[in-house]
Structure formats: C-alpha cells, structure tokens
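The values are calculated or read from the model by the stated rules, or taken from the named source; none is laboratory data. None of the values given here were measured: they were computed from a predicted structure. Ideal geometry is used to build each Cβ from the backbone, glycine not excepted, and the neighbour counts take in all protein chains shown.
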Amino acid sequence: MRKVLVLTEAKAGNLRSVSLEALTAAHRIAEGGEIIAVALGSDANQFANVLGKHGAKKIYIIGNKVLDVYTTDAYSQALRQVIDVVQPDAILMPHTAIGKDLAPRIAARYGLGLVSDVIDVQVDNGDVIFTRPIYSGKAFEKKKVVSGIPFATVRPNNIPVEEISGTIEILHFHVEIKDLRTIVKEVVHKTTGDVDLSEAKVVISGGRGVKSADGFKPLQELADILDGAVGASRGACDAEYCDYSLQIGQTGKVVTPDLYIACGISGAIQHLAGMSNAKIVVAINKDPEAPIFQVADYGIVGDLFEVIPLLTEEFKKVLAHV
Amino acid sequence: MNILVLIKQTFDTEEKIILQKGIINEDGVNFIINPYDEFAIEEAIKLRDLHGGEVTVITIGPERAENALRTALAMGADKAIIIDGEDQDLDEYSIAKVLAAVVKGREFDLILSGNLGVDYGSGQVGPRLAEELNIAQVTTITYMEINGETAIIERDAEGDKELVEVSLPVLVTTQQGLNEPRYPSLPGIMKAKKKPIERLKIDDLDFDDDIKAKTTVMETYFPPKKNAGRILNGDLKDQVTEIANLLHSEAKVL
C-alpha cells in the first residue's frame, strides 16, 4: 500500500483531464493506499467533487490567490509544504508546462529520482514500472526508481480515466508563500482554438502544402466541428504560416490523439516522431509517394483545399447521426 | 557578463534507432548538438556581444562529445568544459549534481540550456540544477533581454506567452522560436582550435551527496509496427464519404 500524492491542474477555470489520468495512474500505484490530490488557486475548491469521483480520498485545497498564475517559486513552496505534512510514498504530476517546470525542481529539493513524461504505469511484484517514449516516440523505455519514492510526470492523453468513487475529505490548507524571484507581468493566450494541442482527441495538422496562414482556415473549421486542435509541421512553421507553438515533431510537441489528420505534410522522420503513436492517422497529400502514407491508416491522394471542405461537410453528416 | 551554457551531444534527428541486444546502437550514427541547445548557444553569444563577458559551454559525455564543444566554440563561445561521463551510472539526478559541483565556485550571471534533449526528452537537468544552485529559473523561453541586473523574458507555456521579469542570476531553458542558430564560419572553426577546453573527471569533483542514479532503465523496445494503411481510390467525393464511414464504423474515432 502506498500513499500517493497527485498534483492536479486546471486551465481557464476547467480541470485538465490529465489530472484525472494522473489519479487513475495513482490508483494503480497506491495498491489500496490513500490518494491525496492537491488543487491550487482561488477556484480550486470547485474541483473537489470530481477529484473525489476519480479516486482522491483527501483533497488539499490551497486557495492562495498568488497561485492563480503559475510561478516556479510559489508552486514549489506550496507543494513542499504539503509534501512535508503528507510524507507521500509516491508523487505524480501532469507532464504539462507546469509539471515540466516544477517536478524536476521538487525532485532535486528532496534528492529524488524522477521519471518524466510517462505514458503508462504498472505495478509488477511491488515495483512501480513507468513506460515512456524516447527519441520522441521512435522507441520506448521502461524505467523504475531504485532509490527513494517513485515520482513521475504523466503525459496527457495516454492513461484511460477510471471512475473510482468513495468518501472524500477536503482540507483547506494554509501555506506561506514569500520571496518570489520571478514576476509574471502578462499572459497572452495565443492558442487558437479552445482545445489544447497536447490534450486534443483530434488533431488536424498542416504542412507546407497549406501554402499560407490563410490556408490553415479550412483546417481550423474541420478541427472545430470535431472539438479538435490544429497542429503543424516544422515546414509550415518555418514558412511562417503559423506559430511555432503549433509545431509537432521531434523538435516540437509530441501528440497522441485518437485521430490525426495530416494535410499537405510529406512526413519527414522528425515529424513522424511527433505523431506516429496517434491511434488513427489519415493523410491527405497530392504526392502519392509522400512518406506520410506509410504511417497512415487511411490516405487520400488529392488537393487538401478540395478534400478538407468535403471532409468537413461529410463529418458534419456523420456526427449529426451519432 | 559570465554566461554558462549546458549542452548535450545527441543523435542527429534524421537517424533511425537501431537496437542491439536491447541497447541502442551508436555505430555509424551521426551526432549533433541537441537542437534545443543550439538556441542556448546562439542566445549566449548574442548576449555576450551586447553586454560583454564570456561564454563557457559545458557538457558531460564520452570523448565524442568534445566535437559538440568544438562546434559551439566555432559558433563563437569562448571556452569549454567537458566532464568525462563514460562508464558511469548517471541519471538526471546525478547529472544535475555533477553540473552543480562544476558550476559552484565559478562566477556566472546566467545559465542557458535547451529545454529538453531530443533523445531522452526528460527536460529535468535545467530545473534540477537551478534548485541545486538555489537560483531562479525560467523554462521554455522564446525571447530574452537583459537590462542591468534584470532579465525580461517571454516564455512559451503550452502555446500561451508569459512575460516574466526576473533578477540575475537565473537559469533559463530555451525553446524553438528564440533565435536562428548560426552556422560556424570558417574563421570561427579555425579560431575554435585554439580555444581552451578544460577536461574534468567525475571522480575528481567534490560532492556532499551520493551521485548514484536514482532511476534505472529496465527495457528499451520499439512500439508495435503499424500495418500498412489503405490509400483510397475513385471519385474524390466518394473517397471522402468512404473515409468518414471508415472512421466512424471501423476505426470508431468519430
């Protein structure tokens, strides 16, 4: 039995689903032990029930307003105060902008090992085994912590969420936060759609074949009807058709959606690394020899500007009947 | 201004991964500077040119990693340090401890590093080192300027931009979009040959704690191979109808 501490995360007033995925992972690690969720910020209170429905027994609410905006120092101080009280046997955090920045810092503070960016967690003979992609998904490795408590960050969109109900205990936890070394002056929300690229179930991605910034419009329309997000190849970013924050590949984001539609992307090995673990890949490209077709489940050889509007109409019909 | 840049030599992103008895084979592999670290080197050189001072590039690795340092020196860095990491059981915990031991006692205002390696991709070493040194950190930066003792930084937080102000010293990790790394020039390559490389051994460093790895790799393997896909034929409209049906009833993703 392990007492597992899980850092949860919300964005724009919504709990991120990776929080629940981390709770499911925690449930496996706990082996009957207690799961303790931590929710930070002045609206953290509202997430207690949903966390409770997904396995959290105790929920530490830290409502300090200073935690409404992420800073390394404030989050680190708050979390350390919880860790010192809870004394967990394992820690999980989301592998998000926050978790990536915070987890290594916490690990260093306590002299802990950390397994980053895990896509699966299993317990084998009492050992907690983490699976993670390496070389952006060209290969995988299984890793465990051999000294100290298991500690990992969980990649969004990979662990299927389980509902695990039980009684919950909500603790409003007081923390002292001081001497912040970084000041966030401004946050500019640049993400186009409402759906975060790394968590999207559907990704519509454009390459050089999209030809211009305007060329992304039909892709966005298609993404909108599927509640998906728009991504891009490095070629499209280099050509300034879109922001680098949309880039998928070995030097960009790695995504694992249920459906990935590659539009006008040839499929360089670096791009494939970022998306080839998607459940279903559809490729649309003029060139029948494009390498993207080798990793696609379904392919259409044709002009994306003809195909995508047709697809959008057709998907609307299918969705109307679901 | 003294700037330290932490770099790692990695597989060229064009390389395919080959496993031999469960271990990644390095024979015949082309090695490069981790692409994210190139942004760090470029930014360091630009800041030094603006504010004066010195750029020191640091790496832990086998002998071949010296090539990465030579490239960084040819780009314009002033000096380099290589810490021999061969035959050592090191993970991110250990590497941060080693770097902390090397950096402590040296003067620095700024430490730069790529936000992750394109090989193992954990992105831990930067923030871990900042904690070891008890200095501030700003990760995944896309813009930076320095005014006296203050840095104004833009960072990428999963697509959102944050404008951050921080006092020096600070450790930053670099993200795509920060700059266009330069190619080494021929005179740069010639000059690099005369620039100093300091060679250190882990056993010669002082540590307060054990630096033995806290984690271990149990297995390395390939993802299951996908079956060849299906390229549709016929009238474009029919293809689109077919694909919508396939996604709905066969793949069940709609």
Qualifying residue in segment A:185-203 (condition: in a strand (DSSP E or B) and under 30 Å from A:Ile36 (Cβ atoms)): yes
Over segment A:86-110, the set of residues of a type in the set (Gly, Ala, Ser) and touching a Lys or Arg at 6+ places or on another chain (Cβ under 8 Å) is A:Ala90, A:Ala107, A:Ala108
In the set B:Phe222, B:Phe207, which member is of a type in the set (Phe, Trp, Tyr) and at the interface with chain A (Cβ under 10 Å from one of its Cβ atoms)? B:Phe222
Can you name every residue in segment B:212-239 that is among the hydrophobic types (A, V, I, L, M, F, W, C) and at pLDDT below 95? B:Phe222, B:Ala228, B:Ile231, B:Leu232, B:Leu236
Only one of (1) more than 9 Å from chain B (Cβ to nearest Cβ); (2) without any contact (Cβ under 8 Å) to a residue 24 or more places away in the chain; (3) surrounded by 22 or more Cβ atoms within 10 Å (Cβ to Cβ) fails for A:Ala108. Which number is that? (1)
Meets criteria (touching a His at 6+ places or on another chain (Cβ under 8 Å) and more than 30 Å from A:Ser233 (Cβ to Cβ)) for A:Glu163: yes
Residue count, segment A:289-322 (criterion: surrounded by fewer than 19 Cβ atoms within 10 Å (Cβ to Cβ), closer than 19 Å to A:Leu219 by Cα and among the hydrophobic types (A, V, I, L, M, F, W, C)): 4
Filter pass, B:Val5 being more than 26 Å from A:Val146 (Cβ to Cβ) and touching a helix residue (DSSP H, G or I) at 6+ places or on another chain (Cβ under 6 Å): yes
For A:Lys100, are the conditions met, namely being among the basic types (Lys, Arg) and at pLDDT below 95? no
Checking B:Glu162 against (1) without any contact (Cβ under 8 Å) to a residue 60 or more places away in the chain; (2) under 15 Å from the mean Cα position of the chain (by Cα); (3) assigned to a strand (DSSP E or B), the condition it does not meet: (2)
Looking at B:Gly22, B:Gly52 in this structure, which one is surrounded by fewer than 16 Cβ atoms within 10 Å (Cβ to Cβ) and touching a strand residue (DSSP E or B) at 6+ places or on another chain (Cβ under 8 Å)? B:Gly22
Any chance segment B:137-152 includes a residue that's facing chain A (nearest Cβ under 7 Å) and not polar (S, T, N, Q)? yes
Condition first: within 16 Å of the chain's Cα centre (by Cα) and small (Gly, Ala, Ser). Now tell me which residues in segment B:81-110 satisfy that. B:Ala96
Could you tell me how many of the residues in segment A:272-322 are within 10 Å of chain B (Cβ to nearest Cβ) and in a helix (DSSP H, G or I)? 19
In this structure, is B:Arg182 buried (at least 23 other Cβ atoms within 10 Å of the Cβ) and under 22 Å from the mean Cα position of the chain (by Cα)? no
Of the residues that make up segment B:73-81, is at least one more than 7 Å from chain A (Cβ to nearest Cβ), surrounded by 24 or more Cβ atoms within 10 Å (Cβ to Cβ) and closer than 18 Å to A:Val184 by Cα? no
Filtering strands (runs of 3 or more DSSP E) wholly in segment A:117-181 for at least 2 residues that are within 10 Å of another protein chain (Cβ to nearest Cβ) and among the charged types (D, E, K, R) gives A:127-134, A:139-145
Can you find, within segment B:201-222, the residue that is farthest from A:Ser136 (Cα to Cα) among those that are part of a loop (DSSP other than H, G, I, E, B) and touching a Gly at 6+ places or on another chain (Cβ under 7 Å)? B:Asp209
Residue among A:Lys211, A:Lys185, A:Lys253, A:Lys201 that alone is within 13 Å of chain B (Cβ to nearest Cβ), within 28 Å of B:Phe39 (Cβ to Cβ), in contact (Cβ under 8 Å) with a residue 12 or more places away in the chain and of a type in the set (Lys, Arg): A:Lys253
